[in-house]
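These notes are about the structure you will find just below.
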Amino acid sequence: MIFIEYSLSHTTPIYIHKVGAWMNSLNIRAVNRKKVLNYLYENRDATKQIISKSLNLSLPTVSFILRDLADLGLVTQTGTLKSSGGRKPVAITLNYNAKYSAGIAVTQNCIRLAVINLGEEIIKYKNINVCFENTDAYFAKLAESLDRFLRRCKIDQEQLLGVGIALPGLVTTDKRILEYSPTLQIHRLPIQTIAHYIPYPVLADNEANLAGLAEIWHINDVKSAVFLSINKGVGGAVVIHNKIFSGANGHAGEFGHMTIVKDGLTCSCGKKGCLEAYCSTNILTDSHFSDLENFFSALVLGNRYCIEKWNRYLDFLAVGINNIHTIFDCDLIIGGEISKHLPHYTDVLNQKLCSLNSFGEQPNYLHYSKYYDAASAVGAALLFINRFLGTESAPDFPKNKQ
Ligand SMILES: [Zn+2]
């Protein structure tokens, strides 16, 4: 809140308590405004009477907030609802296209770009083949690609909340440094090195965390869930109330390095028996198949080697899923490359899961990716939508309205 800090520095001490009270009233107003936004996000076509009752806010407060949001173009009247007598109440809805957010996923071989609106609808998605380089020229090119992409989306600068960046590696808990990325082969890259070229607010996080955020966000009535990402590497994310839980060291959701076999196969991390050593997609492709498509084509044709390999793979995957579900007892979404193929084998996977579950649960907690390759870019864009509609930070309203 730079505006408030600036005001304080020009205020004599005698007025500080008044400024404090003024800040409190501003905060309450901002919190109430965010509550109304959130309510409208989750409930289409609400009336101010319903909002007032549901949020326990007075009718004049709700009317004031709705007028303010309408001035900003964030809400619109969509007609009238049925009346139980008297004037028909006016239906109000959130204008999902009032604000947008962009997401960039940096990978070893390409840049993925996505723009979404407040309703998490993808406005545009693009995959550009550019190999990563830890050079200023690469970061400048990244920003140029984003700029061209945004111009094609025809979005005004004022409508863009910010740009989220998904990175394949460990991001420090303060989200300022990409600590280590084996895929990009870099250590300690300050996020500012990338943000420097981007003329919008920037937030960054680990790509599996962001893919998880995107996948979980779109499931109705689910705000807390875990995400298991299966590619060559196996990772994941823990999302609690639409917010990524990173853990004390940023390792939360690193399900790939959960030991499932004591003294088992060697993992990419150097330890033995990790889930990744048994469920990486490399296990399926090995030296016989160039990619997953080839493996699954052979499996469908009844190749014996593939059938045995796939059955053993699902045994270990079921152990991993069951362990994760036993710890978290919540919905679990499987994403990554495997999620294109796995839904065809849910019966056999579910049988294995049932046989492992100690509580007689059916695996109806299991979901599959909606976004596939786009998940981390969409999740990166969601960082700003989440901040705008969520509760963890101050709303990003124009300064002249605060
Ligand atoms: Zn490992």
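A short reminder: the numbers here are calculations on the coordinates, not readings from a lab. Please read these numbers as outputs of a predicted model, since none were measured by experiment. When we count neighbours, we look across all protein chains shown, and the Cβ atoms used for this are built from the backbone with ideal geometry, even at glycine.
Dividing the alpha-carbon radius of gyration of the range 302-368 by the rule-of-thumb value 2.2 N^0.38 Å gives 1.11. Of the GluC sites (Glu not before Pro) in the range 101-143, the ones in a loop by DSSP (not H, G, I, E or B) with at most 13 other beta carbons within 10 Å are E121, E133.
By the rule of a C-alpha distance below 20 Å, with chain neighbours fewer than 8 residues away ignored, the aspartates and glutamates paired with K34 are E42, D45, D68, D71, E120, E158, D221, E392, D396.
Calculate the FRET efficiency for D347 and R152 from the Cβ-Cβ distance with a Förster distance of 45 Å, rounded to the nearest 0.05.
Details: r = 43 Å, r/R0 = 0.96.
Computed FRET efficiency for D347 and R152 comes out at 0.55.
For K175, a cut-off of 19 angstrom between C-alpha atoms picks up these lysines, skipping any fewer than 8 places away in its own chain: K243.
Note on the chain: helix-only mean residue ellipticity at 222 nm, from DSSP H runs of 4+ residues weighted -39500 (n - 2.57) and normalised by residue number, equals -12000 deg cm²/dmol. Each of F245, F255, F384, F227 has some number of other Cβ atoms within 10 Å of its Cβ, and from fewest to most they run F245, F384, F255, F227.
State the dimensionless ratio Rg/Rh of the range 25-149 (Rg: radius of gyration of Cα atoms; Rh: Kirkwood radius).
On the way: Rg = 20.5 Å, Rh = 17.3 Å.
Expressed as Rg/Rh, it is 1.19.
Assuming a viscosity of 1.306 mPa s and a temperature of 10 °C, what translational diffusion coefficient in µm² per second does Stokes-Einstein assign to the range 149-288, Rh being the Kirkwood radius over Cα pairs? Intermediate results must be reported in sequence, preceding the final value.
Working: Rh = 16.7 Å.
D = 95 µm²/s.
Residues C153, C354, C306 in ascending order of nearby Cβ atoms (within 10 Å, fewest first): C354, C153, C306.
Using only the Cα atoms, what convex hull volume per residue in Å³ does the range 125-217 have?
Values: hull volume 10.6 nm³, N = 93.
So the per-residue hull volume is 114 Å³.
Counting only lysines at least 8 places from K232 when in the same chain, those with an alpha carbon closer than 24 Å to its own are K126, K262, K271, K272, K309, K340, K352, K370. Seen against the Cα atoms of the chain and their longest principal axis, helix 375-389 is set at about 20 degrees.
Here the range 234-274 is treated as a sphere whose radius is the Kirkwood value from Cα pairs; by Stokes-Einstein at 20 °C and 1.002 mPa s it diffuses with a coefficient of 192 µm²/s. The ranking of S52, S339 from fewest to most other beta carbons within 10 Å of each one's beta carbon is S52, S339.
Considering only DSSP beta bridges with both partners in the chain, what is the antiparallel share in %, to the nearest 5? Walk me through the numbers on the way to the answer.
On the way: 37 of 55 bridges.
The answer is about 65 percent antiparallel.
Work out, step by step, the length gained on full extension between F64 and R188: first 0.36 nm times the residue separation, then minus their alpha carbon distance; give nm to one decimal. Display every interim value, and only then the final one.
Working: separation 124, 0.36 × 124 = 44.64 nm, distance 4.73 nm.
Extending this stretch completely gives an extra 39.9 nm.
Send over the semi-axes of the chain's equivalent ellipsoid, whole angstrom and largest first, taken as the square roots of 5 times the C-alpha gyration tensor eigenvalues. The partial results should precede the final answer.
Values: eigenvalues 354, 140, 82 Å².
They are 42, 26, 20 Å, listed from largest to smallest.
Shown here is the pair-distance distribution of the range 259-386: with all Cα-Cα distances grouped in 5 Å bins from zero up to the longest one, the shares run 2, 9, 17, 20, 20, 17, 10, 4, 1, 0 percent. Computed over the range 220-369, relative contact order equals 23 percent, with contacts defined as Cα pairs under 8 Å that lie 6+ residues apart.
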